[in-house]
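Undergrad: Just passing along the structure, written as structure tokens.
The values are calculated or read from the model by the stated rules, or taken from the named source; none is laboratory data. All figures in this text were calculated on a predicted structure; none of them were measured in a lab. Quick reminder, even Gly has a Cβ in these numbers, built from the backbone with ideal geometry, and neighbours come from all protein chains shown.
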């Protein structure tokens, strides 16, 4: 099968004569999973949304979220969810860049045929179309990707424990750390640090117990506190935000964008980060042409649409 403009890794077939009129695009990350059911022409018929779908941190939980989002998209389109097993899908998911999680997932997906890619790749295609440039996805985690012609480069996306710098989970984790440092008198406190301790009933042991069992999205739930106090000039919030922006710009510097290339910021923190980038990056910022889910749908059209009648 000719794959056209994109390179796909990890395609699995489940047999039978292939000819479909429906396709699925799926975008799964650390916070939520979204699905769009479309005709092979690209016309979207329905949407669905479910929980976290990071296959590295929770493979079977991610599979459940994927299936639920797809089922809801069928329902939203007024289509029989039983058609799910005869519908091909392009999935852009967090956690595909390490280990054999991609292959493990392919073996348990219920779709007629699946192409599992990184969430960054579908976001890149959705945001840039066929233009050269780069994206920075700043959400619960973070990942950076550039494209020049047919060459792509990815930075980050190594997960919460060793990466995701600039993302909401690391921002929330750093906030909890600062609260403990302020409690111990190592760093100066602030209204933000005090608010965090109050959340844990002013008992640092409660905070530590929370952190021991917390997942990335749990840490990320504290990021809004940083933004709220940043707007009030809180010193701890300003320090944390400056650190996050510096981390993001270090990654962008490594991508070495050329004149005329565009930069798109994506993810839940994009609107907050964009005005705080240095002037050179603000100058080349462009709004994304489509979101990541739109990119997944377009990739599904390219890969599977030509086999169906639309």
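Undergrad: Could you list all residues from the stretch 169-199 that are crowded, with 17+ Cβ neighbours inside 10 Å and over 18 Å from residue 234 (Cα atoms)?
TA: 169, 170
Undergrad: If you don't mind, there's one more thing I want to ask. List the number of the failed condition for residue 147; all other conditions in (1) under 26 Å from residue 105 (Cα atoms); (2) in a strand (DSSP E or B) hold.
TA: (1)
Undergrad: How many residues does the stretch 16-73 contain that are surrounded by fewer than 24 Cβ atoms within 10 Å (Cβ to Cβ) and either on the phi > 0 side of the Ramachandran plot or in a loop (DSSP other than H, G, I, E, B) (or both)?
TA: Summing the residues that are surrounded by fewer than 24 Cβ atoms within 10 Å (Cβ to Cβ) and either on the phi > 0 side of the Ramachandran plot or in a loop (DSSP other than H, G, I, E, B) (or both) in the stretch 16-73 gives 17.
Undergrad: Could you list, in sequence order, the residues of the stretch 75-93 that are under 12 Å from residue 35 (Cα atoms) and touching a strand residue (DSSP E or B) at 6+ places or on another chain (Cβ under 6 Å)?
TA: Within the stretch 75-93, 76, 77, 89, 90, 91, 92, 93 meet the criteria.
Undergrad: One residue is enough: does the stretch 163-184 have a residue meeting the conditions modelled with pLDDT under 90 and either out of contact with any helix residue (DSSP H, G or I) (no Cβ under 8 Å at 6 or more places or on another chain) or not in a loop (DSSP other than H, G, I, E, B) (or both)?
TA: Scanning the stretch 163-184 turns up at least one residue that is modelled with pLDDT under 90 and either out of contact with any helix residue (DSSP H, G or I) (no Cβ under 8 Å at 6 or more places or on another chain) or not in a loop (DSSP other than H, G, I, E, B) (or both).
Undergrad: Checking residue 264 against (1) under 30 Å from residue 46 (Cβ atoms); (2) assigned to a helix (DSSP H, G or I); (3) touching a residue at least 24 places away in the same chain (Cβ under 8 Å), which single condition isn't satisfied?
TA: Result: residue 264 fails condition (2) only.
Undergrad: Could you please give the count of residues in the stretch 74-84 that are in a loop (DSSP other than H, G, I, E, B) and either outside the structural domain of residue 302 (by TED's automatic domain parsing) or touching a helix residue (DSSP H, G or I) at 6+ places or on another chain (Cβ under 9 Å) (or both)? Break it down stepwise before answering.
TA: Just the residues of the stretch 74-84 that are in a loop (DSSP other than H, G, I, E, B), to begin with: 77-80.
Within this subset, residues satisfying the condition of being either outside the structural domain of residue 302 (by TED's automatic domain parsing) or touching a helix residue (DSSP H, G or I) at 6+ places or on another chain (Cβ under 9 Å) (or both) are 79-80.
Total satisfying the criteria: 2.
Undergrad: Return only the number of the condition from (1) under 15 Å from the mean Cα position of the chain (by Cα); (2) within 22 Å of residue 162 (Cα to Cα) that residue 49 does not satisfy.
TA: Of the numbered conditions (1) under 15 Å from the mean Cα position of the chain (by Cα); (2) within 22 Å of residue 162 (Cα to Cα), the odd one out for residue 49 is (2).
Undergrad: Could you tell me whether any residue of the stretch 291-307 is surrounded by fewer than 20 Cβ atoms within 10 Å (Cβ to Cβ), within 19 Å of the chain's Cα centre (by Cα) and within 22 Å of residue 143 (Cβ to Cβ)?
TA: yes
Undergrad: Look at residue 228 and say whether it is part of a helix (DSSP H, G or I), over 30 Å from residue 90 (Cβ atoms) and modelled with pLDDT of 95 or more. Break it down into steps so the answer makes sense when it comes.
TA: On the way: part of a helix (DSSP H, G or I): yes; over 30 Å from residue 90 (Cβ atoms): yes; modelled with pLDDT of 95 or more: no.
Judged against the criteria, residue 228 is not a match.
Undergrad: Identify, please: which residue in the stretch 85-136 is in a loop (DSSP other than H, G, I, E, B) and closer than 21 Å to residue 167 by Cβ and is, among those, nearest to the chain's Cα centre (by Cα)? Explain how you work it out, then say what you get.
TA: We begin by selecting, within the stretch 85-136, every residue in a loop (DSSP other than H, G, I, E, B); these are 87-88, 95-100, 107-112, 129-132.
From what's left, closer than 21 Å to residue 167 by Cβ: 95-99.
Numbers: 95: 10, 96: 12, 97: 13, 98: 15, 99: 18 Å.
For the stretch 85-136, the residue satisfying everything is 95.
Undergrad: What pairs come out if I take residues in the stretch 189-213 that are in the same structural domain as residue 160 (by TED's automatic domain parsing) and in contact (Cβ under 8 Å) with a residue 12 or more places away in the chain and pair them with residues that are assigned to a loop (DSSP other than H, G, I, E, B) and exposed (fewer than 15 other Cβ atoms within 10 Å of the Cβ) whose C-beta lies under 7 Å away, six or more apart or interchain?
TA: Matching pairs, first to second residue: none at all.
Residue by residue, here is whether (1) in contact (Cβ under 8 Å) with a residue 40 or more places away in the chain; (2) surrounded by 24 or more Cβ atoms within 10 Å (Cβ to Cβ); (3) closer than 16 Å to residue 31 by Cα holds:
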site: 108; (1), (2), (3): yes, no, no
site: 120; (1), (2), (3): no, yes, yes
site: 130; (1), (2), (3): yes, no, no
site: 134; (1), (2), (3): yes, yes, no
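Undergrad: Counting only residues that are within 17 Å of residue 301 (Cα to Cα) and in contact with a helix residue (DSSP H, G or I) (Cβ under 6 Å, 6 or more places away or on another chain), which one in the stretch 85-106 is surrounded by the fewest Cβ atoms within 10 Å (Cβ to Cβ)? First the steps, then the outcome.
TA: Just the residues of the stretch 85-106 that are within 17 Å of residue 301 (Cα to Cα), to begin with: 86-92.
If we keep only those that are in contact with a helix residue (DSSP H, G or I) (Cβ under 6 Å, 6 or more places away or on another chain) too, we end up with 88, 90, 92.
Working: 88: 24, 90: 31, 92: 28.
Checked the stretch 85-106; the qualifying residue surrounded by the fewest Cβ atoms within 10 Å (Cβ to Cβ) is 88.
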